[in-house]
Structure formats: structure tokens, C-alpha cells
Amino acid sequence: MGLRDKAIRGMGWSVLSQGSKVVITLVASSVLAHLLEPSDFGLIGMVIVFSNLIGLLNDMGLPSALIQRKEAGEPYISSAFWINLSEGLVLTALFAAIAPAIALFFRESRLLAISLALSPLFLLTSLGMIQAALLQKRLHFKALAIVDVASITIGGATAIGLALAGAGAWSLVAQGLASAASFSLLMFLAVDWKPSLIFSWQSTRELLGYGL
């Protein structure tokens, strides 16, 4: 199959993935809207305001740099993975550190525990970013679409199950964590590459030069 055919097929898988994710999200949200109280969504919404701000720092452009690079050997890929993982750890610690400030800002004590519980999202997300970039670089859009849809589905099913059990706002916390964890786990299974204990400052500088 030529590059043009792969690109066309990849576009089809991307469209199918986006459409499926929209439908799954709408269905899950509709069900959760009937199972949960508006205040449950409000609590999560308060935390998301800050998590989205911190999340802007969670991509130093390394995945994009890997995709655009014509040749990306093991030193580049593993270095990018370890940098991304380190960044995820730092942002997780940072968000946990500001959790008391979030609760104080909104004058809502329940936000402390919720913010602490959601802080690993940054670490979980960083674990699968390089694998996703490799799938895009290799034009394996089918695998990428399957992982995307599966992770959204797992997150939605987890939230609905916990909401039925009476978990309230915590079902929404679990939804985010389950989606992020399943995404990274499935990425590890979908890509025939595993990080090695290789780190190259030269490779990192080249990737950051483009990514930043």
C-alpha cells in the first residue's frame, strides 16, 4: 500500500474515531446527568479549571518533534519518553501541592481530596504520549483509533458503574483516571516498542528545539 493510500485510510480511521468518541461521550454524559447531582459536576468543574491550566505545560512538543523527524532512532524515542515521564511526575506533584489552595480559593473543603485524587492524571497521560506519536508517525491510525475509542469507553463505563453505586462526584474522578490509565496501558500493548534505559542530551536538545 502506497503512502497516499495509507494517508487516505488513516483519515478515514481518524474521522471514525472522532465520531465514535463524540457519540460515546454524549451517551455517557446523558446517563451520568440522570444519575448524578448538578453539584457533583460543579465540584469536578472547579478542579478542571486548574487542571487545564497545569495541563498546558504537559506537552513540550516532543511527540510532534518525533513525528516530523525523518529518522528517529532509539536515543530519540527513549529520551523523549523519559523527559515526558519526568514532566508528568513534576506536574502531578505540582497539582497535588496546590490542592489546598484550590479548596481555599473556592471555599470548598471537598475539593482538597478530589484535587489530590486527580493529580496522577498528568503522570498517567504522559506514559502513553510517545507511543501515540509513534503510531501517528508510522501511519497506524487504525490502532490509534481503537485505543482512543476503547479508553473513552472504559472511562465512561467506569463512571456509570460507580454512579449507579452511589459514588457521586467520585465517579467523575474515576472516569478521568480510568480513561487516562487505559489509554496509556493500551498504547503500550499496541506499539511494538518499549522504553529502554537510554538517555541522550543531544537527542533531547534536538527534539526540544523543534517541540518548544
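The values are calculated or read from the model by the stated rules, or taken from the named source; none is laboratory data. Just so it is clear, the model here is predicted, and its values are computed rather than measured. Quick reminder, even Gly has a Cβ in these numbers, built from the backbone with ideal geometry, and neighbours come from all protein chains shown. For the accessible areas, the whole protein counts, side chains as well, though only heavy atoms, and no ligand, DNA or RNA atoms are used. Shrake-Rupley method; radii C 1.70, N 1.55, O 1.52, S 1.80 Å.
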Revision key, fill the gap. Counting only residues that are open to solvent by 30 Å² or more (accessible area, probe 1.4 Å) and at positive phi, segment 162-185 contains a total of 1
Exercise for review: Select the helices (runs of 4 or more DSSP H) contained entirely in segment 115-212, then report the ones holding at least 2 residues which are among the β-branched types (Val, Ile, Thr) and either farther than 27 Å from residue 83 by Cβ or out of contact with any strand residue (DSSP E or B) (no Cβ under 6 Å at 6 or more places or on another chain) (or both).
Suggested key: 121-137, 141-164
Exercise for review: Considering only segment 30-49, state which residues are open to solvent by 50 Å² or more (accessible area, probe 1.4 Å) and either in a helix (DSSP H, G or I) or touching a Lys or Arg at 6+ places or on another chain (Cβ under 9 Å) (or both).
Suggested key: 30, 31, 33, 34, 35, 38, 39, 41, 46, 48, 49
Check your understanding: Give me the pairs: first residue in segment 104-118 and open to solvent by 30 Å² or more (accessible area, probe 1.4 Å), second residue of a type in the set (Gly, Ala, Ser), beta-carbon distance under 8 Å, and six or more apart or on different chains, which are they?
Key -> 109/103; 110/103; 110/169; 112/99; 112/103; 116/96; 116/99
Point to revise | Unique residue being closer than 20 Å to residue 75 by Cα and either among the charged types (D, E, K, R) or out of contact with any Lys or Arg (no Cβ under 6 Å at 6 or more places or on another chain) (or both) when the list is 160, 198 | key: 198
Revision key, fill the gap. Residues in segment 163-212 that are hydroxyl-bearing (Ser, Thr, Tyr) and within 27 Å of residue 110 (Cβ to Cβ) total 3
Point to revise | Residue, modelled with the highest pLDDT, within segment 125-152, restricted to residues that are more than 14 Å from the chain's Cα centre (by Cα) and open to solvent by 40 Å² or more (accessible area, probe 1.4 Å) | key: 146
